Amino acid sequence: MIGYDLTGRTALVLGADAHAAAEVGALVDAGATVTVAAVRRQGLGEQQDTCAIVDDLAARGLVRVVDVSDADPSAFDVVVRPRGRRDAPLRSGPGRVTLVGGGPGDPGLLTLAGRAAIETADVVVADRLAPLAALRWAPEHAEVIDVGKIPGGRSTGQDEINRLLVDHAKAGKHVVRFKGGDSFVFGRGGEEAIACAGAGVEVTVVPGVSSSIAGPALAGVPVTHRGLVQGFTVVSGHVPPGHESSTLDYAALARLGTTIVVLMGVRTLPAICAELVRHGLTPTTPVTVVADASLPSQVRVRGTLETIDERLRTAQVGPPAIAVIGAVADLGGLP
Ligand code: SAH
């Protein structure tokens with residue numbers, strides 16, 4: 001989606017900070033096999049200066065991180081040195097915050113309004129699931145702050161993120177809060193909007209293409225289908241059924257007759273499927289799971305409430321992934 005095809009080519013990115021992450025994302029999107037050369041952080045032993053976004057790509061096997069001293073640029077087809085920062089232009093007047101939903105990962109699925117916001121950003125506060133290649137559209141002076149939240153890994157607390165947004169806006173900056181999908185679908189965008197408004201900071205929302213609909217679509221699954229199902233229900237699988245902080249009524253879900261879309265549910269899917277069967281859904285109800293939707297690493301696994309768990313384990317599917325449960329998951333004639 002960025003205009004070049006690097007399929008089968010090797011690329012080296014010199015640097016692993018949040019600026020480099022933009023180049024890494026673009027190269028992965030272009031089909032290159034990407035190696036990231038990280039610089040060892042002074043005074044912190046063996047720790048390398050990689051941002052959470054690059055760490056996450058490495059954990060998902062999408063890039064390889066090496067120490068800069070082990071990287072021989074002449075061994076690569078393409079070598080990228082992320083551009084340096086320029087000084088910010090002088091601006092007067094109050095700053096503002098734009099909450100941009102970035103879509104499921106492919107920069108081509110970012111809206112035009114989202115791109116326009118990034119093109120005028122002074123500060124971009126980015127999550128790991130945001131389409132990284134789109135960060136290249138930020139002005140050269142823009143500061144990219146990586147607050148990637150990795151399941152079970154390093155993260156920046158929500159209070160800290162809210163504070164970053166408010167403080168930079170109060171310093172007169174245009175702050176883009178950039179995250180995956182739609183900011184208001186399990187994205188905590190509501191909390192950020194309330195925090196900004198409460199601090200007297202102007203906030204605009206640019207809706208995004210939510211992975212809850214785009215993920216199934218990219219796996220060839222329509223969440224509704226005339227004559228088959230008249231609605232869809234999106235739920236979080238962050239906690240399993242019966243967990244003290246679960247508020248979902250699985251008996252009602254099983255009765256609803258809508259497609260059920262589960263986000264954040266790779267770990268809990270076996271328990272969710274079992275609970276839906278316990279409440280009356282037939283064990284042969286089709287289930288499709290799509291991981292890394294819209295990215296070169298996208299995979300789709302099909303099964304039923306009964307078989308999906310084993311199939312996911314065989315295919316070694318990890319997050320981010322979406323499960324679609326219901327007749328649409330197995331429609332004949334789908335791509
Ligand atoms: N605001 C986001 C959802 C954030 S919750 C949206 O509207 O899409 C994070 C969950 O979204 C992940 O655990 C996964 O279930 C889903 N997700 C996000 N991007 C995805 C992708 N590219 N492929 C599959 N699932 C994705």
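The values are calculated or read from the model by the stated rules, or taken from the named source; none is laboratory data. Note that the structure is predicted; figures quoted are calculated from it, not measured. FYI the Cβ positions are ideal-geometry reconstructions off the backbone, even for glycines, and counts take in every protein chain you see.
Of all the numbered requirements in (1) modelled with pLDDT of 85 or more; (2) more than 15 Å from residue 76 (Cα to Cα); (3) surrounded by 17 or more Cβ atoms within 10 Å (Cβ to Cβ), residue 61 misses one, and that requirement is (3).
When you look at residue 226, is it surrounded by fewer than 22 Cβ atoms within 10 Å (Cβ to Cβ), among the basic types (Lys, Arg) and in the same structural domain as residue 254 (by TED's automatic domain parsing), yes or no?
Values: surrounded by fewer than 22 Cβ atoms within 10 Å (Cβ to Cβ): yes; among the basic types (Lys, Arg): yes; in the same structural domain as residue 254 (by TED's automatic domain parsing): yes.
Yes, satisfied.
When the residues of the stretch 238-264 are narrowed to those that are in contact (Cβ under 8 Å) with a residue 24 or more places away in the chain, within 24 Å of the chain's Cα centre (by Cα) and in a loop (DSSP other than H, G, I, E, B), which ends up farthest from the ligand (Cβ to nearest atom)? The qualifying residue farthest from the ligand (Cβ to nearest atom) is 240. Number of residues in the stretch 211-227 that are within 16 Å of the ligand (Cβ to nearest atom) and either β-branched (Val, Ile, Thr) or not in a loop (DSSP other than H, G, I, E, B) (or both): the value is 10. Scanning the stretch 234-257 for residues that are hydroxyl-bearing (Ser, Thr, Tyr) and either surrounded by 18 or more Cβ atoms within 10 Å (Cβ to Cβ) or in contact with an Asp or Glu (Cβ under 9 Å, 6 or more places away or on another chain) (or both) gives a single hit, 250. Against the definition (at pLDDT below 95 and basic (Lys, Arg)), how does residue 115 come out, yes or no? Considered against the rule, which asks whether it is at pLDDT below 95 and basic (Lys, Arg), residue 115 comes out as no.
Scanning the stretch 265-311 for residues that are within 16 Å of the ligand (Cβ to nearest atom), among the aliphatic types (A, V, I, L, M), in contact with a strand residue (DSSP E or B) (Cβ under 8 Å, 6 or more places away or on another chain) and not in a helix (DSSP H, G or I) returns 266, 287, 289, 290, 291, 293, 299, 301.
Number of residues in the stretch 153-210 that are more than 14 Å from the ligand (Cβ to nearest atom), charged (D, E, K, R) and not in a helix (DSSP H, G or I) equals 3.
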